[in-house]
Amino acid sequence: MNILCVGAGLSGAVIGRHLAEAGHAVTVVDSRDHAGGNCHTERDAETGVMVHVYGPHIFHTDDAEVWEYVNRFEAFKPYKNRVKSTTRGLSGEQEVFSLPVNLHTINQFFRKTMRPEEAHDFIVNEQADTTIEDPQTFEEQAMRFVGRDLYEAFFKGYTVKQWGMHPSELPASILKRLPVRFNYDDNYFFHQFQGMPENGYTAMIEKILDHPGISVRLGTVFERSQAAEYDHVFYSGPLDGYFGYELGRLGYRTLDFERFTHQGDYQGCAVMNYGEEAVPYTRITEHKHFAPWESHEGSVCYREFSRLAEPGDIPYYPIRQVKEKELLAAYVKLAEETRGVTFTGRLATYRYLDMDVTIREALDAARGFLDCQQAGKAAPAFFAAPL
Ligand code: UDP
């Protein structure tokens, strides 16, 4: 069969590879002039630093098959994400704290020397609002589990900046991404496998795409009319974009990166969050610290600002409020009425997906497609439901 994958990010590359290995002829197109989607990495010519061009990506997973998959294409170096936050403590002065909220954060914040059980009792009995039984919103979730002081220092301002909305308007699920620990473990993720690709994500994705059955066309804008030239299309661009935004635009937050360079070590860590609303950016990332096995004199940093995406901006975080979910349902209906196209990945399913989940879903979609083919059935519009 002739297969078209629209998008040379993780989703398109993994599906393309799987189908090429199964003997299909695969074409992968991407409007950008590089592969890798938003995971794209590029070595800065001046400093030699590997830059995460569209913002930082840290690979973490509990999925052994996905971990094995990425390691097949690129050597992964050990990397633990240790995030700091600059915010105002109880004294009203700015201080640097450890994230995610852990025993060090709690002891520093409250000027105490509690052991794990003492800290747990202190948060539960003196901080948390345990009258909230079933937290629905981000704010309720934070008040229920850490209480007002920590919520206001670390989550409220950051979240207003990141989402442009008050935490009482956001779902609890966003905060559930972040753990609270009553020990000194400051690893941002609790997944079993974590690491960074030695030569960056783009090198890895280029290797996934490097197969005699795959032809890659970069700088190539996909037009819907081209779908007819192929037996099947896997589309990983924006779902509303596929339909020419005919029903309206799905809301996204976009990011602006203010890039600057520095001689030496600018902040001493890869990610410094800014919890206060008064600081206009959410965080500063210093890219050389994402590759601690390398050494560079110069440094490349990004100051990160979040705002509502306008037409033409790069979509990053799907907003997924009630209004967006209604529009999404209407687009899902259109997609389901479209023959010969499967919608995959972050943008085409309008979900915030970590890289490992994107790969898992891409493998499942490719396998699902082959099963359908064997059974003589048409492949569905979605293998992973967007709603
Ligand atoms: N968050 C916060 N303060 C922080 C870091 C995160 O309030 O210092 C909130 C914020 O709303 C964010 C969510 O927790 O959107 C999830 O954080 P994560 O670090 O997973 O965000 P991502 O890396 O996906 O942008």
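Yes or no, residue by residue, for (1) more than 14 Å from the ligand (Cβ to nearest atom); (2) buried (at least 20 other Cβ atoms within 10 Å of the Cβ):
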| residue | (1), (2) |
| --- | --- |
| HIS60 | no, yes |
| TRP67 | yes, yes |
| GLU74 | yes, yes |
| TYR79 | yes, no |
| THR87 | no, yes |
| GLY92 | yes, no |
| VAL101 | no, yes |
| HIS104 | yes, no |
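Looking at (1) touching a helix residue (DSSP H, G or I) at 6+ places or on another chain (Cβ under 7 Å); (2) at pLDDT below 95, which one does ARG177 not meet, given that it meets all the others?
Just one mismatch for ARG177, condition (1).
Within the stretch 54-90, can you find the residues that are farther than 24 Å from PHE193 by Cβ and in contact with a helix residue (DSSP H, G or I) (Cβ under 9 Å, 6 or more places away or on another chain)?
SER85, THR87, ARG88, GLY89, LEU90
State whether the residues of the stretch 177-187 include one that is touching a strand residue (DSSP E or B) at 6+ places or on another chain (Cβ under 7 Å) and within 16 Å of the ligand (Cβ to nearest atom).
Yes, the stretch 177-187 has at least one match.
Would you check if GLU294 is more than 13 Å from the ligand (Cβ to nearest atom), of a type in the set (D, E, K, R), surrounded by fewer than 17 Cβ atoms within 10 Å (Cβ to Cβ) and more than 25 Å from VAL221 (Cα to Cα)?
It is true that GLU294 is more than 13 Å from the ligand (Cβ to nearest atom), of a type in the set (D, E, K, R), surrounded by fewer than 17 Cβ atoms within 10 Å (Cβ to Cβ) and more than 25 Å from VAL221 (Cα to Cα).
For a quick check of your reading: which strands (runs of 3 or more DSSP E) sit entirely within the stretch 269-387 and have at least 3 residues that are farther than 25 Å from VAL66 by Cα and among the small types (Gly, Ala, Ser)?
298-308
Does any residue of the stretch 343-353 turn out to be closer than 25 Å to GLN94 by Cα, modelled with pLDDT of 95 or more, crowded, with 16+ Cβ neighbours inside 10 Å and basic (Lys, Arg)?
no
I'd like the full set of residues that are of a type outside the set (A, V, I, L, M, F, W, C) and either within 21 Å of PHE305 (Cα to Cα) or more than 12 Å from the ligand (Cβ to nearest atom) (or both), limited to the stretch 163-176.
Answer for the stretch 163-176, where residues must be of a type outside the set (A, V, I, L, M, F, W, C) and either within 21 Å of PHE305 (Cα to Cα) or more than 12 Å from the ligand (Cβ to nearest atom) (or both): GLY164, HIS166, PRO167, SER168, GLU169.
Please find, within the stretch 263-286, the residue that is farthest from the ligand (Cβ to nearest atom) out of those that are within 18 Å of the chain's Cα centre (by Cα) and of a type in the set (S, T, N, Q).
The extreme case among them is THR285.
Take the residues of the stretch 311-336 that are touching a residue at least 12 places away in the same chain (Cβ under 8 Å) and among the acidic types (Asp, Glu): which is farthest from the ligand (Cβ to nearest atom)?
GLU336
Given the criteria touching a Gly at 6+ places or on another chain (Cβ under 6 Å), within 16 Å of the ligand (Cβ to nearest atom) and in contact (Cβ under 8 Å) with a residue 24 or more places away in the chain, does THR137 qualify?
no
Quick one: count up the residues across the stretch 308-322 that are of a type in the set (D, E, K, R), at pLDDT 95 or above and out of contact with any strand residue (DSSP E or B) (no Cβ under 6 Å at 6 or more places or on another chain).
1
Which condition does GLU258 not pass, out of (1) without any contact (Cβ under 8 Å) to a residue 60 or more places away in the chain; (2) assigned to a strand (DSSP E or B); (3) under 28 Å from ARG346 (Cβ atoms); (4) out of contact with any Lys or Arg (no Cβ under 6 Å at 6 or more places or on another chain), if it passes all the others?
GLU258 satisfies every listed condition except (4).
Looking at the stretch 226-262 only, could you name the residues that are within 16 Å of the ligand (Cβ to nearest atom) and either loosely packed, with under 14 Cβ neighbours inside 10 Å or among the polar types (S, T, N, Q) (or both)?
Correct list: THR254, ASP256.
Among the residues of the stretch 297-310, what is the count of those that are under 20 Å from VAL96 (Cα atoms) and within 12 Å of the ligand (Cβ to nearest atom)?
Of the residues in the stretch 297-310, 1 are under 20 Å from VAL96 (Cα atoms) and within 12 Å of the ligand (Cβ to nearest atom).
The values are calculated or read from the model by the stated rules, or taken from the named source; none is laboratory data. These figures come from a predicted structure and were not determined experimentally. Cβ sites come from the backbone with ideal geometry, for glycine too, and all protein chains shown count toward neighbours.
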